[in-house]
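Asks: Structure incoming, see below.
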Amino acid sequence: MNTVVLLSTRRLPPTYFDQVREDLGNRDISLDVVAWVAPSGWVADKVNTFTLIGPGRMPAAPAPVEETVVDPTAEAPDAVIAPEAVAEPDTVVGENQVAPAAAEVADDAADRQASPPTTPAPKARPTGAKRVVKAVEWRARRARKVAGRMLPKAIKTSAPVKFLRGNRASKDLGKTYWDRVLSRRDVLATIDKADVIVALDAGAIWAGWNLGQRKASTPVVLGLPAARRELDQLKAPAGNG
């Protein structure tokens, strides 16, 4: 059995790991995941280990479904009719009598008219140092809005700008992810047992590149197609022998 370690910085659904096994040839492999984000569901039955090194918590295990077993030989108990379930004759209200429900509604309406709604007192305006802080924050927000309006929308939504923003975010996350990997002995122990290490997304590329420099004997690849080729090469010598 080969051990495959998956490096990920994105939220993965449990069904994704079924697709991973299919993409890797449905072979007998052990999947270990080192992720920055918790999965969207319970994955204990999908992978060998799932190590969360980023913020958040792992999802709770699903509650077991209790099945009710009905004994076909048991007789149903006799039906019992509650006294209050028996209909009583309609109550006749005289000309000079008022139904209790109508009287209560009239009283509630009179109470609402007698007590007008109270208006909340206005909040006190900040004074002294708090007033200065509020003014600075307001000017900063106004400056950001003005700067955003000065930049044409065509430039803000253009592909190069989006690429630069996404690339910067991926680099920041990639460095943070790699630093967290280095600080976790359990993660390094899991990586040492790997036959193939796979970086699944852009945020995990930096960690994969550094692991490739540290572990020259272990293939570190980007994406599942490359991982399948590496697993095929690991299996090839045994088949030829």
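Quick note: the coordinates plus some simple rules give every number you see, no bench work behind them. Bear in mind the structure is a predicted one, so any value in this text is a computation, not a measurement. Neighbour counts are summed over all protein chains in view; Cβ atoms, including those assigned to glycine, are modelled from backbone coordinates with ideal geometry.
Asks: Near the amide H of Asp201, under 5 Å away, which other amide H atoms are found, from residues 5 or more places off or on another chain, if H is placed in the peptide plane?
Replies: Amide H neighbours of Asp201, under 5 Å, 5+ apart: Thr9.
Asks: Which net charge results for the neighbourhood of Pro14, defined as the other residues with beta-carbon distances under 15 angstrom from its beta-carbon, given Lys and Arg at +1 and Asp and Glu at -1?
Replies: Counting the neighbours of Pro14, the net charge comes to +1.
Asks: Ordered by residue, what ³J(HN,Hα) values in Hz, to whole numbers, does segment 186-195 give under the Karplus form 6.51 cos²θ - 1.76 cosθ + 1.60, where θ = phi - 60° and Gly and Pro are x?
Replies: Residue by residue, segment 186-195 yields 5, 5, 5, 5, 5, 5, 5, 8, 6, 8 Hz.
Asks: Ordered by packing density, taken as the mean number of other Cβ atoms within 10 Å over each peptide's residues, highest first, how do 136-144, 30-38 rank?
Replies: The most tightly packed comes first, giving 30-38, 136-144.
Asks: Which ³J(HN,Hα) values in Hz, rounded to whole numbers, follow from the phi angles of segment 209-220 under the Karplus curve 6.51 cos²θ - 1.76 cosθ + 1.60, where θ = phi - 60° and Gly and Pro get x?
Replies: For segment 209-220, the Karplus curve yields 5, 5, 5, x, 6, 7, 10, 5, 7, 9, x, 10 Hz.
Asks: By how many nm would the segment from Arg144 to Met1 lengthen if fully extended, with 0.36 nm per residue of separation less the alpha-carbon distance?
Replies: Using 0.36 nm per residue and subtracting the Cα-Cα distance, I get 45.9 nm.
Asks: Amide H of Asn2 versus every other amide H placed in the peptide plane: which residues, excluding those fewer than 5 positions away on the same chain, fall under 5 Å?
Replies: The answer is Ser30.
Asks: Okay, next question. Take Thr49 and Val65, extend 7 Å from each Cα along the Cα→Cβ direction, and tell me the distance between the two endpoints in nm.
Replies: Placing both labels 7 Å along Cα→Cβ, they lie 3.2 nm apart.
Asks: Tabulate in residue order the Karplus-calculated ³J(HN,Hα) for segment 55-62, using 6.51 cos²θ - 1.76 cosθ + 1.60 with θ = phi - 60°, rounded to whole Hz; enter x for Gly and Pro.
Replies: Values, residue by residue: x, x, 10, 6, x, 6, 5, x Hz.
Asks: 7 Å from Cα along Cα→Cβ at both Val136 and Ala216: what's the point-to-point distance in nm?
Replies: Using points 7 Å along Cα→Cβ, the separation is 5.5 nm.
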